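For reference, the structure discussed in these notes is given below.
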Amino acid sequence: MDVYLVRHTSVDVPGGVCYGQSDVPLKETFPQEGEGVKAKLNDLLPDKSILDAVYTSPLSRCTRLAEFCGFADAVREPRIMEINFGEWEMQDYNSIQDPRLQEWYEDYLHVRATGGESFEDQFNRVSAFLQEIKASGKSKVLCFCHGGVLICAKIISGAITPQEAFSSLDDYGSVIKITI
């Protein structure tokens with residue numbers, strides 16, 4: 001199965017702010033960035049009719065890009081949302097007073113954000129989603145999603161290891177293809 005994954009464009013959130021599943025706005029450069037994504041998709045997928053399905057995270061930063069790229073009917077799929085940072089959402093990492101933050105820094109693969117998820121939790125839901133699609137017989141799908149989801153997909157495809165996760169974050173507006 002070929003999976004084309006698109007990371008949303010730049011968000012209008014100050015650097016260092018933990019935003020995970022918060023529904024944050026896109027930067028005013030969205031039209032230009034969106035055109036860049038469209039061009040990448042056209043290069044990678046000149047014939048959109050080969051797609052069996054198109055999915056998007058329900059967060060507006062992804063649905064807006066899906067619509068901009070001509071996929072207003074993309075299926076909203078919560079399993080391809082960004083990691084849930086729970087109580088840390090919309091806080092500057094340097095301002096978070098939770099003592100568990102240091103535990104998370106030391107073992108982000110397994111330690112959950114307070115009231116949220118661990119990377120392992122996110123990986124498991126993304127993996128379940130991709131396995132379900134594969135089992136359904138779909139062979140080519142497109143997903144508008146988040147950096148963490150792209151990382152999970154790359155691990156699932158064998159392109160990177162879990163230990164390489166956070167050093168393998170794709171840029172905003174990236175389009176990648178994996179094979180499962």
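The values are calculated or read from the model by the stated rules, or taken from the named source; none is laboratory data. Fair warning: this is a prediction, and the values are worked out from it, not measured in the lab. Ideal geometry is used to build each Cβ from the backbone, glycine not excepted, and the neighbour counts take in all protein chains shown. When the accessible area is computed, the model is the full protein with side chains, heavy atoms only, and any ligands, DNA or RNA have been set aside. Shrake-Rupley method; radii C 1.70, N 1.55, O 1.52, S 1.80 Å.
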Check the stretch 124-141 and report whether any residue there is in a strand (DSSP E or B) and within 19 Å of the chain's Cα centre (by Cα). yes
Report, by residue number, each residue of the stretch 160-180 that is open to solvent by 40 Å² or more (accessible area, probe 1.4 Å) and either modelled with pLDDT of 95 or more or aromatic (Phe, Trp, Tyr) (or both). 166, 171, 172, 177, 179
When residues of the stretch 49-82 are limited to those that are small (Gly, Ala, Ser) and in contact (Cβ under 8 Å) with a residue 12 or more places away in the chain, the one nearest to residue 125 (Cα to Cα): 57
Could you identify the single residue in 13, 24, 111 that is part of a loop (DSSP other than H, G, I, E, B), farther than 18 Å from residue 141 by Cα and in contact with a strand residue (DSSP E or B) (Cβ under 6 Å, 6 or more places away or on another chain)? 24
Filtering the stretch 120-170 down to residues that are aromatic (Phe, Trp, Tyr) and farther than 23 Å from residue 18 by Cβ yields 129
Residues located in the stretch 31-68, provided they are touching a Lys or Arg at 6+ places or on another chain (Cβ under 7 Å) and assigned to a strand (DSSP E or B): 53, 56
Considering residues of the stretch 142-154 that are out of contact with any helix residue (DSSP H, G or I) (no Cβ under 6 Å at 6 or more places or on another chain) and in a helix (DSSP H, G or I) only, the residue most open to solvent (accessible area, probe 1.4 Å): 154
Given the criterion open to solvent by 20 Å² or more (accessible area, probe 1.4 Å), farther than 23 Å from residue 165 by Cβ and touching a residue at least 24 places away in the same chain (Cβ under 8 Å), identify the matching residue among 46, 14. 14
Residue under evaluation residue 71, criteria (1) touching a strand residue (DSSP E or B) at 6+ places or on another chain (Cβ under 9 Å); (2) open to solvent by 70 Å² or more (accessible area, probe 1.4 Å), criterion not met: (2)
Being open to solvent by 70 Å² or more (accessible area, probe 1.4 Å) and either modelled with pLDDT of 95 or more or under 16 Å from residue 51 (Cα atoms) (or both) is the filter here, so list the residues in the stretch 74-96 that pass it. 75, 76, 78, 87, 90
Could you grab the pairs with beta carbons closer than 8 Å, sequence gap of 6+ or different chains, first residue in the stretch 23-42 and at pLDDT 95 or above, second one outside any helix (DSSP H, G or I) and of a type in the set (Asp, Glu)? 24/12; 25/12; 26/12; 27/12; 28/12
Could you tell me whether any residue of the stretch 104-125 is in contact with a helix residue (DSSP H, G or I) (Cβ under 6 Å, 6 or more places away or on another chain), open to solvent by 40 Å² or more (accessible area, probe 1.4 Å) and either on the phi > 0 side of the Ramachandran plot or of a type in the set (Gly, Ala, Ser) (or both)? yes
